[in-house]
Structures are given as C-alpha cells and as structure tokens.
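For reference, the structure discussed in these notes is given below.
The values are calculated or read from the model by the stated rules, or taken from the named source; none is laboratory data. All figures in this text were calculated on a predicted structure; none of them were measured in a lab. Neighbour counts are summed over all protein chains in view; Cβ atoms, including those assigned to glycine, are modelled from backbone coordinates with ideal geometry. Note: areas computed on protein heavy atoms with side chains; ligands, DNA, RNA excluded. Shrake-Rupley method; radii C 1.70, N 1.55, O 1.52, S 1.80 Å.
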Amino acid sequence: SLDNPDGTFYDALVYTAADFDAITIGNHEFDLGPGVLADFIEATGDIPFVSANLDVSGEPRLAALEAEGRIAGSTVVEKAGRQIGVVGATYEDLASISSPGRVTTSEAAKAVQAEIDALTADGVDIIILSSHLQTIASDVELIGELSGVDAAIAGGGVER
C-alpha cells in the first residue's frame, strides 16, 4: 500500500501524522524498487529511516537522502531530557526476497555494534535496536551478539 495512482503515499501521511521518531527499513520498503522507496521517504517529512547494515551508495536518490541524513544507521531522539539512540538492522539476504536494486547489505551484528559504539561514545546511554530480520530467532540471535542494547523491537517476525 505504498503508492496510489494519484501519487499520494497514504502510509507516509499516517507516519507523518503519527509523528514517528524513526522508521526501520525492512524488505517491503523495497518491494516496488529503490525509486519508490526514495519517493516514499521524501513524502514522510523529516522522519529518519534507519538501518546500520544497508549500503545505499549504488542508488543515487537513496544516496542523496543518506547525505541529507534521511537515511542513516541510527538516529538520536530526545525524550524527557534523555537521549535515546535508535539503531536499525535489515535482513542480510534482502535481494532474495525484495527488489533493492543496487542497495547492498552487510553483516548486521558488525554494523549495528559499530553504531552502538559510536552512539555510546557520543554520550547516548539508552540504545534501542529496531530490526527487521524476517524471523524472531534471527532477531534473538543478533541481540545475543551485541553489547549495549537496552531494548529491542523486531519486525517481520515470521517463524520458518
């Protein structure tokens, strides 16, 4: 339901109205290709899209959004005077289940830990992992490989 013949992204309207702090990039964001994902991100105002293990440099529009800070490995949100780091992770075999074009993935644990370490070095003391790894077992495995995660949110949790 990402797009509509009249060009309106109704999901983006909902995300913007809900005032989301961050959106994790999963496989379905690429179902209609990287160009539609770029259109979608542009339609969401200034909500950051996070994934530490995506390399979008092969897709010029997504790379431009990354340069603007709209796509990042993580983001920092301030709530009640506290800084909270939100780190994203995307399914490593993304190309086998979606249409990411020239977007590639890397090992999630290594990329996520690097983001956690950078956030911690910047004084962020609350870290949330937001992952979309296809199975809950994969999410649990990833969490076990990381240090410094205070809470985890998983999407795409289908058991296989």
- prompt: What number of residues within the range 93-110 are under 30 Å from G123 (Cβ atoms), crowded, with 20+ Cβ neighbours inside 10 Å and of a type outside the set (A, V, I, L, M)?
  reply: 0
- request: Run down G45, G35, G7 and say which single residue is surrounded by fewer than 15 Cβ atoms within 10 Å (Cβ to Cβ), small (G, A, S) and not in a loop (DSSP other than H, G, I, E, B).
  value: G35
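If we keep just the residues of the range 111-131 that are assigned to a loop (DSSP other than H, G, I, E, B) and not hydrophobic (A, V, I, L, M, F, W, C), which is most open to solvent (accessible area, probe 1.4 Å)? Explain how you work it out, then say what you get.
Here is the first cut: in the range 111-131, the ones assigned to a loop (DSSP other than H, G, I, E, B) are 122-125.
Filter again for not hydrophobic (A, V, I, L, M, F, W, C), leaving 122-123, 125.
Numbers: D122: 121, G123: 52, D125: 92 Å².
Top of the filtered list is D122.
Any residue at all in the range 51-62 that is closer than 17 Å to G85 by Cα, in a strand (DSSP E or B) and either open to solvent by 60 Å² or more (accessible area, probe 1.4 Å) or in contact with a Gly (Cβ under 6 Å, 6 or more places away or on another chain) (or both)?
Taking the range 51-62 as the starting set, the residues that turn out to be closer than 17 Å to G85 by Cα are 51-53.
From the residues that got through so far, the ones that are in a strand (DSSP E or B) too are none.
Within the range 51-62, not a single residue is closer than 17 Å to G85 by Cα, in a strand (DSSP E or B) and either open to solvent by 60 Å² or more (accessible area, probe 1.4 Å) or in contact with a Gly (Cβ under 6 Å, 6 or more places away or on another chain) (or both).
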Tally of residues being farther than 19 Å from A154 by Cβ and over 15 Å from the mean Cα position of the chain (by Cα) across the range 97-109: 3
- prompt: Just wondering, is there one or more residues in the range 134-150 that are under 23 Å from G33 (Cβ atoms) and not aromatic (F, W, Y)?
  reply: yes
First in the range 15-42 and touching a residue at least 40 places away in the same chain (Cβ under 8 Å) and within 25 Å of Q83 (Cβ to Cβ), second anywhere and of a type in the set (K, R) and open to solvent by 50 Å² or more (accessible area, probe 1.4 Å), Cβ under 9 Å, 6 or more apart: D21/K79
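With among the hydrophobic types (A, V, I, L, M, F, W, C) and more than 23 Å from I126 (Cβ to Cβ) as the only criterion, which of A67, A18 stands out?
On the way: A18 fails: more than 23 Å from I126 (Cβ to Cβ).
Checking each option against the conditions leaves just A67.
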- prompt: Taking only pairs six or more apart or across chains, which ones have beta-carbon atoms under 9 Å, a first residue in the range 132-145 that is under 8 Å from Y91 (Cβ atoms) and open to solvent by less than 40 Å² (accessible area, probe 1.4 Å), and a second residue that is assigned to a helix (DSSP H, G or I) and among the small types (G, A, S)?
  reply: L133/A108
message: Can you find a residue that is at pLDDT 95 or above, part of a helix (DSSP H, G or I), under 19 Å from V103 (Cβ atoms) and open to solvent by less than 30 Å² (accessible area, probe 1.4 Å) anywhere in the range 65-84?
response: yes
